[in-house]
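Reviewing the structure listed below.
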Amino acid sequence: MLHDLSLDVRAGELLGLLGPSGSGKTTLLRIIAGLDAPDRGRILFGNDDATGLAVQERAVGFVFQHYALFKHMSVADNIAYGLNARRRADRPAKAEIKRRVGDLLDLIRLSGFGDRYPSQLSGGQRQRVALARALAVEPRVLLLDEPFGALDAQVRKDLRRWLREIHDRTGQTTIFVTHDQDEALELSDRVAVLDRGRLEQVGTPDEVQEHPASAIVMKFLGDHVEVEALAEGGRVLVRGRETPVAAPAGIIGPVKLYVRPWQLQLAEPEAAHLSGTVRSSYRTQGRQRIEVVDTEGRVLAVEDFDGVRHPAGHPVGLRINGGHVFG
Amino acid sequence: MSEIFSPTLPPTAHAEPVASEGTGTRIVLIGIAITFLALFLVLPLIAVFTQAFSKGIEAFLAAFREPDAWSAIRLTLTVAAIAVPFNVVFGLTASWAIAKFEFPGKSLLITLIDLPFSVSPVVSGLIYVLLFGSQGLFGSWLLDHGIQVLFALPGIVLATVFVTFPFVARELIPLMQEQGSAEEEAALTLGASGLHAFRTVTLPNIRWGLLYSVLLCNARAMGEFGAVSVVSGHIRGLTNTIPLHVEILYNEYNFVAAFAVATLLAVLALLTLILKSILEWRFAGELAAGRAH
């Protein structure tokens, strides 16, 4: 399922593992935790080879998509579980455990909820408890498997913000898995894009968006249009007209040009690379999103700020202001 | 078009469930169920008690003054005390392995666990005769080592274990499969050893199912007749369990004593039913809460 994957996670960073379903991101997370074993390869925590270590010995904190809280224990007992499970020699005193649980409850803003049971909590509250439980054992790395996947949109947004705050406060090395690109881009210090078991690119959110390493990364991180183009003399031409896109070194001949919606602009037919007719348009969050059916029957989405309404059926030209070509 | 919105359409007078059989049919079906229960459950139970007391309290108590009766009671309790815990351990291990892991031969194991339910109890007993009888597979070895399996406690325990071992496993397997392993995995990542996770996470989650299956396993273990009859040898005062003792009394035309001893089994049945109902009521709530997560 995973193919020759090598990933470096920096201390204290919040790394997002992003990819479609089946890309292997959960598998990778579970291998790091020790819940699944790789056929080949090693896991290193700093200079320590953790490959042979059992789950219990790896000191990782894991947060599951469906919380996996212990149904028959109170919130406080859930959070204290890891500390209570230690051997007598390594276990902190009861008072110390109680104090730590209290601190964590404050951190997750559920002070006073210690005596409640998971069934009495909302989804968002349960996930916060799950996080506190994982943090209680002071793990080397915190692993989150689609932590907000089971929650509804508004709760998801709130918890995203909250996770970022917690991370900034604790400085905990954290890896989280998601298939939601917005989440990955908003939260991560760096994003690792996976597809079908391969690591496509690792970089900051800006890097993966502005300089995608491959068509797969481009396709996954947002809307795009594929345009047939020609690489000639170092530039990329569409329908004979030059675009501002430079052709990668050594590439000549027919290529696919990948363009983002904001890189398309409505233009006069003389300056246009593509032409078509307006299919529909709607305003959203201060800008216009216009759907244009081009001469090849493709529906292209264009974002425009000029405020001029473009009625359906209106013929328009589109200018390409940027894009990517992959070798 | 206008007919759909016509104000003259009468509103439904009362909400009827779609699959409605009509009150008449319902009464008949419930009546049949009650008659069935009355004929096959209630009447026999009443009959046991009326027959037991038909010659008065003295005759009833006389049945329990027989030393043979007490050996039978002691033997039944001993057999249950060995067979039930053994099956709990086996059932827990098997369900845990089946619910949490994939391994070759898993479906075969599941089928084998169900085997005692499909085999006649007499055949179950016969298996042990064929294995451990003097003409059996291990017969001579046992003789050489002076070990008595048949016509003794070991044989009776083995036969009882065989007929009761599906009970715990069959109850726990779907329960554990439904609960999944996420909680156990969470416990492991938090540093708990496998055993600690089992004790603190798995067991509490299955406690009602476990109790329920122990109850049924015990009822069957104490009441088993066929398999035990084949291996027991019917030696008075030594290898007769309560059901076997009842049979002997009955065959001697000592009806009152037979029914008197049988009341023990009837009381066991009633107690089991009551406890089972309490657990079902309690258990159903837990199961529903568990699913809500």
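Here are some notes:
Listed here are the residues, each with its yes/no results for (1) farther than 30 Å from A:Ile108 by Cβ; (2) touching a residue at least 12 places away in the same chain (Cβ under 8 Å); (3) open to solvent by less than 20 Å² (accessible area, probe 1.4 Å).
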site: A:Gln154; (1), (2), (3): no, no, no
site: A:His179; (1), (2), (3): no, yes, no
site: A:Leu185; (1), (2), (3): no, yes, no
site: A:Val191; (1), (2), (3): no, yes, yes
site: A:Arg198; (1), (2), (3): yes, yes, no
site: A:Pro212; (1), (2), (3): yes, yes, yes
site: A:Leu221; (1), (2), (3): yes, yes, yes
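- Scanning region B:54-65 for residues that are in contact (Cβ under 8 Å) with a residue 24 or more places away in the chain and part of a loop (DSSP other than H, G, I, E, B) gives B:Ser54, B:Lys55, B:Phe64.
- A single member of A:Leu69, A:Leu83 is of a type outside the set (Val, Ile, Thr), more than 7 Å from chain B (Cβ to nearest Cβ), in contact (Cβ under 8 Å) with a residue 60 or more places away in the chain and touching a helix residue (DSSP H, G or I) at 6+ places or on another chain (Cβ under 7 Å), and it is A:Leu69.
- For region B:85-138, taking the residues that are free of Cβ contacts under 8 Å to residues at least 24 places away in the same chain and charged (D, E, K, R), the one that is most open to solvent (accessible area, probe 1.4 Å) is identified as B:Glu102.
- Test: residue in region A:35-47 that is within 12 Å of another protein chain (Cβ to nearest Cβ) and crowded, with 17+ Cβ neighbours inside 10 Å: yes
- Only one of the listed residues (B:Phe138, B:Phe103, B:Phe162, B:Phe132) is modelled with pLDDT of 90 or more and aromatic (Phe, Trp, Tyr). That residue is B:Phe162.
- Assessment of region B:97-104 against the conditions (under 21 Å from the mean Cα position of the chain (by Cα) and of a type in the set (Phe, Trp, Tyr)) yields no matching residue.
- Near pairs, Cβ below 6 angstrom, 6+ apart or cross-chain, from region B:190-216 (more than 20 Å from B:Gln177 (Cβ to Cβ)) to any residue that is part of a helix (DSSP H, G or I): B:Leu190/A:Tyr81; B:Leu190/A:Gly82; B:Gly191/A:Gln56; B:Gly191/A:Gly82; B:Leu215/B:Thr272; B:Leu215/B:Leu275; B:Leu215/B:Lys276
- Selection of helices (runs of 4 or more DSSP H) fully inside region B:75-186 by the criterion of at least 3 residues being out of contact with any helix residue (DSSP H, G or I) (no Cβ under 6 Å at 6 or more places or on another chain) returns B:106-118, B:121-132, B:139-144, B:166-179.
- Residue in region A:158-169 that is touching a residue at least 60 places away in the same chain (Cβ under 8 Å), among the basic types (Lys, Arg) and open to solvent by less than 40 Å² (accessible area, probe 1.4 Å) present: no
- Consider region A:93-122 and keep the residues that are within 13 Å of another protein chain (Cβ to nearest Cβ) and assigned to a loop (DSSP other than H, G, I, E, B). The one that is surrounded by the fewest Cβ atoms within 10 Å (Cβ to Cβ) is A:Ser122.
- Residue within region A:20-31 that is buried (at least 16 other Cβ atoms within 10 Å of the Cβ), under 23 Å from A:Arg198 (Cα atoms) and of a type in the set (D, E, K, R) present: yes
- Any hit, region B:255-263, residues being of a type outside the set (Ser, Thr, Tyr) and farther than 23 Å from B:Val79 by Cβ: yes
- Candidate set: region A:132-152, residues that are more than 14 Å from A:Gly16 (Cβ to Cβ) and among the charged types (D, E, K, R); chosen: the one most open to solvent (accessible area, probe 1.4 Å): A:Glu138
- Residue in region A:268-286 that is of a type in the set (Phe, Trp, Tyr), open to solvent by 60 Å² or more (accessible area, probe 1.4 Å) and at pLDDT below 80 present: no
- Checked against (1) part of a helix (DSSP H, G or I); (2) open to solvent by 10 Å² or more (accessible area, probe 1.4 Å); (3) touching a residue at least 12 places away in the same chain (Cβ under 8 Å); (4) away from chain B (no Cβ under 14 Å), A:Gln172 meets all criteria but (1).
- Residues in region B:195-228 that are assigned to a helix (DSSP H, G or I) and under 17 Å from B:Arg74 (Cα atoms) were compared, and the one that is farthest from the other protein chains (Cβ to nearest Cβ) is B:Val228.
- Complete set of residues in region A:123-153 that are within 15 Å of B:Ala182 (Cβ to Cβ) and part of a strand (DSSP E or B): A:Leu143, A:Leu144, A:Asp145
The values are calculated or read from the model by the stated rules, or taken from the named source; none is laboratory data. Please read all numbers here as calculations on a predicted model, not as lab measurements. Positions of Cβ are backbone-derived with ideal geometry, glycine not excepted, and every protein chain shown enters the neighbour counts. We work out accessible area using only protein heavy atoms, side chains counted, and drop any ligands, DNA or RNA first. Shrake-Rupley method; radii C 1.70, N 1.55, O 1.52, S 1.80 Å.
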